[in-house]
């Protein structure tokens with residue numbers, strides 16, 4: 001089955017448990033349609049570059065999925081209809097990266113490949 005990565009932003013006035021509950025909700029939508037969530041991460045509340053629906057911050061969540069295209073389309077449709085979800089981004093990938101995403105890595109680990117400025 002094709003592999004996908006999804007990032008969605010939920011409203012800032014949700015609690016952390018409600019935002020994490022959205023991950024579980026959309027995971028069940030995928031499993032009901034023949035897919036599965038390989039990995040999920042809750043990135044927390046982050047400030048956005050511009051306001052979306054009068055919100056300056058949002059709960060960011062990340063999903064790695066293995067699902068057929070109709071399951072992805074149904075999940076995206078439900079995400080766009082959901083009142084708490086403000087934005088959705090889905091990308092088809094060739095393979096999932098091992099370990100945590102770049103957002104979850106420590107800053108020291110991310111800067112390991114950079115060289116110092118002179």
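Observations
- Residue match in segment 5-23 (condition: modelled with pLDDT of 90 or more, touching a helix residue (DSSP H, G or I) at 6+ places or on another chain (Cβ under 9 Å), under 20 Å from residue 105 (Cβ atoms) and surrounded by 15 or more Cβ atoms within 10 Å (Cβ to Cβ)): yes
- Qualifying residue in segment 49-64 (condition: surrounded by fewer than 16 Cβ atoms within 10 Å (Cβ to Cβ), in a loop (DSSP other than H, G, I, E, B), under 11 Å from the mean Cα position of the chain (by Cα) and modelled with pLDDT under 90): no
- Cβ-Cβ under 6 Å pairs, at least 6 apart or on other chains, segment 85-99 side over 17 Å from residue 68 (Cβ atoms), far side at pLDDT below 90 and loosely packed, with under 14 Cβ neighbours inside 10 Å: 86/53
- Flag if residue 71 is in contact with a helix residue (DSSP H, G or I) (Cβ under 7 Å, 6 or more places away or on another chain) and in contact (Cβ under 8 Å) with a residue 60 or more places away in the chain: no
- Residue in segment 1-31 that is farthest from residue 92 (Cα to Cα), counting only those that are without any contact (Cβ under 8 Å) to a residue 12 or more places away in the chain and assigned to a helix (DSSP H, G or I): 17
- Test for residue 97: is it out of contact with any strand residue (DSSP E or B) (no Cβ under 6 Å at 6 or more places or on another chain) and modelled with pLDDT of 90 or more: no
- Per-region count, segment 74-86, residues touching a helix residue (DSSP H, G or I) at 6+ places or on another chain (Cβ under 9 Å) and part of a strand (DSSP E or B): 1
- In a residue-by-residue description of segment 32-44, the property of being in contact with a strand residue (DSSP E or B) (Cβ under 7 Å, 6 or more places away or on another chain), surrounded by 16 or more Cβ atoms within 10 Å (Cβ to Cβ), farther than 18 Å from residue 104 by Cβ and in contact (Cβ under 8 Å) with a residue 24 or more places away in the chain applies to at least one position.
- Count - residues of segment 32-45 that are within 23 Å of residue 97 (Cα to Cα) and part of a strand (DSSP E or B): 9
The values are calculated or read from the model by the stated rules, or taken from the named source; none is laboratory data. None of the values given here were measured: they were computed from a predicted structure. No Cβ is skipped: glycine too gets one built from the backbone with ideal geometry, and neighbour counts run over all protein chains shown.
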